[in-house]
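Colleague: Just passing along the structure, written as structure tokens.
Computed from the coordinates by the stated procedures, all read-outs in this text should not be read as laboratory data. In this text, all values refer to a predicted model and were calculated from it rather than measured experimentally. Positions of Cβ are backbone-derived with ideal geometry, glycine not excepted, and every protein chain shown enters the neighbour counts.
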């Protein structure tokens, strides 16, 4: 009786990780000191969807991520303790920011490999929803192989690993640079798929995770109604703030989304800049 042979693996020791994933690995190693705590809430998106429908009828499409970025930026400048960065273990130092730079993550293809690339949108606290969406459109539609916004990430994919790691640390570690490399807060979304909600650590004191919007039953004045609800999650770094501060931030973001102003698309600020992680 012959013994059937199993196919041998291509390599007994595996294969090197793709260069295009280096920036993600560097980032994950850098945030290992993060002390995460997670909160979540549900947001009635009736006002946002009404604003979105009116804009679409006028020929302008806004993504749900733009609404969250717009709202979170306005809340966080009112909470400088949460709109902050921390650095150091033996002698930790915190830097608080009077402005709000939001980091956004996107699913892109670079070097024929599907990866996550991130960008920092600056001064979101004084941007309109149209400002935010215009920048997101530019980042989503451009070619990451050529865009200057991706130049920093592409530089980390060079053959010499020690040089790439050094460059990342020089950019990400100094406190004065973190607001422009990591952002002062982060928003990440998987709501385009069948994901109700998720938590993510974005390297900032506050990271908001965005799920999909679904019609769900709600109780109002003792009666059951149906409303479009968004599961909004918040991860915070317990080294910097406590749960009460984080709860205030999440509640205020929810309240602003639920009362989203009809005139939020009016341009009041110059176009935003962006920077890759």
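Colleague: State, as an integer percentage, the relative contact order of the chain based on alpha-carbon contacts under 8 Å between residues 6 or more apart.
Modeller: Worked out over the chain, it gives 30 percent.
Colleague: Quick check: the angle from helix 243-258's long axis to the longest principal axis of the chain, C-alpha only, nearest 10 degrees?
Modeller: So the helix axis and the longest Cα principal axis differ by about 60 degrees.
Colleague: Ok, one more. Report the calculated FRET efficiency for residue 226 and residue 170 (r = Cβ-Cβ distance, R0 = 51 Å), to the nearest 0.05.
Modeller: With R0 = 51 Å, the Cβ-Cβ based efficiency is 0.45.
Colleague: What order, most packed first, do the peptides 129-141, 35-47, 153-165 have when packing is the mean number of other Cβ atoms within 10 Å of each residue?
Modeller: Output ranking for 129-141, 35-47, 153-165: 129-141, 35-47, 153-165.
Colleague: Which residue fluctuates the most in the chain, going by a Gaussian network model with Cα springs under 10 Å, if the choices are 56, 250, 124?
Modeller: Top of the fluctuation ranking is 56.
Colleague: Using only the Cα atoms, work out Rg/Rh for region 19-276, with Rh taken as the Kirkwood radius, to two decimals.
Modeller: Result: Rg/Rh = 0.97.
Colleague: Could you list log10 I(q)/I(0) for region 166-239 at q = 0.20 Å⁻¹, which the Debye formula gives when each Cα is one point scatterer?
Modeller: -0.87
Colleague: So, in nm, how far is label residue 126 from label residue 15 when the simple model puts each one 7 Å beyond its Cα toward the Cβ?
Modeller: The modelled label-to-label distance comes out at 5.0 nm.
Colleague: Give, as ranges by residue number, the residues of region 42-82 whose backbone N falls under 18 Å from the point 7 Å along Cα→Cβ of residue 137.
Modeller: Counting backbone N atoms under 18 Å from the label point, the list is 51-70.
Colleague: Hey, another quick one. At 7 Å along the Cα-to-beta-carbon direction for both residue 239 and residue 146, put a label point, then send me their distance in nm to one decimal.
Modeller: The two pseudo-label positions are separated by 4.1 nm.
Colleague: Run the numbers on region 76-122 and let me know its relative contact order in percent, using alpha-carbon pairs under 8 Å that are six or more apart.
Modeller: 28
Colleague: Among DSSP beta bridges lying fully in region 19-276, give the percent that are antiparallel, nearest 5.
Modeller: Around 85 percent antiparallel, to the nearest 5.
Colleague: Using alpha carbons only, how many degrees (0 to 90, rounded to 10) separate the axis of helix 161-172 from the longest principal axis of the chain?
Modeller: Orientation of helix 161-172: about 20 degrees from the principal axis.
Colleague: Then there's this: Can you tell me which of 80-90, 14-24 comes out highest on packing, and rank the rest after it, using the mean Cβ neighbours within 10 Å?
Modeller: For the peptides 80-90, 14-24, the packing ranking is 80-90, 14-24.
Colleague: Same structure again: At 7 Å along the Cα-to-beta-carbon direction for both residue 39 and residue 61, put a label point, then send me their distance in nm to one decimal.
Modeller: Here the answer is 3.3 nm between the modelled labels.
Colleague: Between the helical axis of 129-141 and the dominant principal axis of the chain, each derived from Cα atoms, what acute angle in degrees is found, rounded to the nearest 10?
Modeller: 30
Colleague: Let's test the formula: R0 of 30 Å, r as the Cβ-Cβ distance of residue 259 and residue 155. What FRET efficiency results, to the nearest 0.05?
Modeller: After rounding, the FRET efficiency stands at 0.10.
Colleague: Related question: So what is the 222 nm mean residue ellipticity for the chain from helices alone, if each DSSP H run of at least 4 adds -39500 (n - 2.57) and you divide by all residues, rounding to the nearest 500 deg cm²/dmol?
Modeller: -9500 deg cm²/dmol
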